[in-house]
Amino acid sequence: MDFSHFDDKGNAWMVDVGDKTETNREAVACGSIFMSRECLEKVMNKTMKKGDVLGVARTAGIMGAKRCWELIPLCHLLNLTMLSVDFQVKEENCEIQALCTARTKGKTGVEMEALTGATVALLTIYDMCKAVDKSMEIGSVYLLEKTGGKSGEFRHPIHGCYSEGEREQNHG
């Protein structure tokens, strides 16, 4: 089975996964947004003028992951069985981490859905907070772990979202 996104003439095409075995698959992606102390306090106290930032961002991340196939060329439409977006606030460095978990039983992985969900959640936080802090920074979006499929399990070499020093050390 050839899993290239190119045919024998070099044209892009969607990979045929028809002969692959269905397995339970899960992927978790992580990313961060850094903001001012004032902005973080408004998010945590739910006093941002646009409303409950993390509640809206959670919904947006789930919706984004569900539409991944429409956003990323050549992605397969998946029958997702579970999506969640969770947040971890790290007050010491004014950071909010988004973690998106995606699951399916299918013939192709859910890494792109998890990555899309985490990214859309972070973009939504930015959108809802930009009136208070336009200097927010989104970064360090990566696949934390995945299970299922022919390639088996993957766990990011540094388990958990990066600390400031780890991010610089690993991504210079």
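The values are calculated or read from the model by the stated rules, or taken from the named source; none is laboratory data. Treat the numbers as computed from the prediction; the structure is a model and nothing was measured. Every residue, glycine as well, gets a Cβ built from its backbone with ideal geometry; the counts of neighbours run over all protein chains shown. Quick note on the areas: whole protein, heavy atoms, side chains included, nothing else; ligands and nucleic acids left out. Shrake-Rupley method; radii C 1.70, N 1.55, O 1.52, S 1.80 Å.
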Which of the peptides 21-29, 83-91 is most tightly packed, and how do the rest follow, judged by the mean count of other Cβ atoms within 10 Å per residue? 21-29, 83-91
Within the set LYS49/LYS146; LYS49/LYS90; LYS9/LYS150; LYS66/LYS150; LYS90/LYS134, which residue pairs have Cα atoms separated by over 30 Å? LYS49/LYS146
Ranked by how many other beta carbons lie within 10 Å on average, peptides 123-130, 145-152 from highest: 123-130, 145-152
ASP8, ASP133, reordered so the largest accessible area comes first (probe 1.4 Å): ASP8, ASP133
